[in-house]
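Here the structure is laid out as structure tokens; the discussion comes afterwards.
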Amino acid sequence: MIGSRALENERLDRPDALFLSELARDDPWELMHWAYRVRVKNFANTVRLCSIVPGKLGGCPEDCKWCAQSIHSSAPEAKRPQRTTIDEIHRTAKSAHANHAASMGIVNSGYRPTQHDLDEVVGAIRKITSDNNCEIELCASLGELTDEQARQLAQAGLTRYHHNLETSRAFFREVVTTHGYEQRRAPWVSLRAQPVTMSRTSSKTGPHRPCSRGIDDSRPPPLGRT
Ligand code: SF4
């Protein structure tokens with residue numbers, strides 16, 4: 001039985017995954033029951049919180065169908081880019097930390113950051129990492145990066161990068177036509193080559209880790225942490 005095998009930490013294969021996707025449709029309560037048991041066994045009654053803050057909102061010429069930041073979206077606020085100041089990002093980080101978030105992502109609209117965009121993000125990262133009362137791990141989602149931009153982010157103290165790969169390689173073309181799957185993956189590959197320079201908020205050292213918004217490889221803090 002797949003549930004018992006998952007409880008034994010056995011790696012599931014593709015036929016198992018296909019069976020589970022059918023179960024999600026036919027009997028979601030059964031799937032939720034086993035998912036709950038696996039979660040409790042591995043993580044007990046804990047959850048890891050993360051938070052996000054926009055560095056730049058809207059005005060993106062790309063056509064990702066899921067995204068309200070695209071100028072092709074019908075969202076009214078999508079048409080003109082708006083910026084968040086370094087002080088506002090710092091205040092958001094302090095608030096996230098006070099609310100027990102373990103990490104915060106700085107998210108910019110656009111396919112790639114201009115050097116001005118990047119300077120703003122680097123400035124915000126430096127301000128937050130120099131605040132001894134705001135210990136929070138920092139992540140970013142800025143799109144494609146040059147190697148030099150990846151180096152600047154890593155040196156400022158970034159430890160995670162969100163890749164914005166919202167679907168599979170095979171399906172990507174169905175939801176985005178203005179860029180490809182591999183272009184989305186490239187910045188994270190570039191950041192992985194950079195050493196982590198600041199590990200104040202992370203017990204892990206080594207290369208940068210990917211963020212997939214909620215899917216995480218680190219253990220969460222206990223609920224009700226003070
Ligand atoms: S590139 Fe980023 S901001 Fe632009 S439409 Fe795609 S997901 Fe949205």
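So which residues in the stretch 84-120 are aliphatic (A, V, I, L, M), in contact with a helix residue (DSSP H, G or I) (Cβ under 7 Å, 6 or more places away or on another chain) and within 16 Å of the ligand (Cβ to nearest atom), if there are any at all?
Once the filter is applied, which keeps residues that are aliphatic (A, V, I, L, M), in contact with a helix residue (DSSP H, G or I) (Cβ under 7 Å, 6 or more places away or on another chain) and within 16 Å of the ligand (Cβ to nearest atom), the stretch 84-120 yields I106, L118.
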Exercise for the section: Could you list all residues from the stretch 132-148 that are crowded, with 19+ Cβ neighbours inside 10 Å and within 16 Å of the ligand (Cβ to nearest atom)? Expected result: C139, A140, S141, L142, G143, L145
Exercise for the section: Answer with yes or no whether L191 is within 23 Å of Y111 (Cβ to Cβ), modelled with pLDDT under 85 and not in a helix (DSSP H, G or I). Expected result: no
Completion exercise
Scanning the stretch 164-188 for residues that are modelled with pLDDT under 85, within 11 Å of the ligand (Cβ to nearest atom) and within 24 Å of D147 (Cβ to Cβ) gives N164, L165, Q183, R184
Handout entry: A102 vs. criteria among the hydrophobic types (A, V, I, L, M, F, W, C) and more than 15 Å from G55 (Cβ to Cβ)
Key = yes
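Every residue, every condition in (1) in the same structural domain as A186 (by TED's automatic domain parsing); (2) touching an Asp or Glu at 6+ places or on another chain (Cβ under 8 Å); (3) within 30 Å of A98 (Cβ to Cβ); (4) free of Cβ contacts under 8 Å to residues at least 12 places away in the same chain, yes or no:
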{"position": "N133", "(1), (2), (3), (4)": "yes, no, yes, no"}
{"position": "S141", "(1), (2), (3), (4)": "yes, no, yes, no"}
{"position": "L153", "(1), (2), (3), (4)": "yes, no, yes, no"}
{"position": "T159", "(1), (2), (3), (4)": "yes, yes, yes, no"}
{"position": "H163", "(1), (2), (3), (4)": "yes, no, yes, no"}
{"position": "R173", "(1), (2), (3), (4)": "yes, no, no, yes"}
Exercise for the section: Answer yes or no: is there a residue in the stretch 30-40 that is under 16 Å from S141 (Cα atoms), crowded, with 18+ Cβ neighbours inside 10 Å and at pLDDT 90 or above. Expected result: no
Practice task
With the checklist (1) in a loop (DSSP other than H, G, I, E, B); (2) at pLDDT 90 or above; (3) among the aliphatic types (A, V, I, L, M) in hand, flag the one item L138 doesn't pass.
Solution key: (1)
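The values are calculated or read from the model by the stated rules, or taken from the named source; none is laboratory data. Since this is a predicted model, take the numbers as computed values, not measurements. Every residue, glycine as well, gets a Cβ built from its backbone with ideal geometry; the counts of neighbours run over all protein chains shown.
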